[in-house]
Amino acid sequence: ELGPRPDANILMLLFDLTPSEARIAGLLASGRTVAEITEELSISESTVKTHLRRIFEKTGTSRQGELVSLLVRVGCIG
């Protein structure tokens, strides 16, 4: 079962993410895989990975698990 998805607007404000980056970060935080995100958003895997690299740079993380942990710590997800 997938968890709650953080509010994209909050992610954009906290980390200066673009709307697309915030959407992808939120989907990852809710438990979706890269493959599921590509299908849900109808974008390529390379596009998701490009957004992920930018998300990692902006959040100071380097792995998906670190990103989710950060979002939990700052209160974006419960």
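The values are calculated or read from the model by the stated rules, or taken from the named source; none is laboratory data. Owing to the predicted nature of the structure, the values given are computational and were not obtained by experimental measurement. So basically every Cβ, Gly included, is an ideal-geometry build from the backbone, and we count neighbours across all protein chains shown. Remember, those area values only see protein heavy atoms, side chains included, never the ligands or the DNA or RNA. Shrake-Rupley method; radii C 1.70, N 1.55, O 1.52, S 1.80 Å.
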Review point. So GLU40 clears everything in (1) in contact with a His (Cβ under 9 Å, 6 or more places away or on another chain); (2) of a type in the set (D, E, K, R); (3) open to solvent by 80 Å² or more (accessible area, probe 1.4 Å) except one condition, right? Which one?
Key: (1)
**Study point:** Checklist (1) on the phi > 0 side of the Ramachandran plot; (2) in a helix (DSSP H, G or I) applied to GLY31, failing item
**Key:** (2)
Check your understanding: Quick check, is LEU52 in contact (Cβ under 8 Å) with a residue 12 or more places away in the chain, among the hydrophobic types (A, V, I, L, M, F, W, C), touching a Ser or Thr at 6+ places or on another chain (Cβ under 6 Å) and open to solvent by less than 50 Å² (accessible area, probe 1.4 Å)?
Key -> no
Exercise for review: Go through segment 55-68 and give me each residue that's assigned to a helix (DSSP H, G or I) and either open to solvent by 50 Å² or more (accessible area, probe 1.4 Å) or touching a Cys at 6+ places or on another chain (Cβ under 8 Å) (or both).
Suggested key: GLU57, LYS58, GLN64, GLY65, GLU66
Check your understanding: Could you list, in sequence order, the residues of segment 1-28 that are part of a helix (DSSP H, G or I), open to solvent by 50 Å² or more (accessible area, probe 1.4 Å) and closer than 15 Å to CYS76 by Cα?
Key -> ASN9, ILE10, MET12, LEU13, LEU14, ARG23
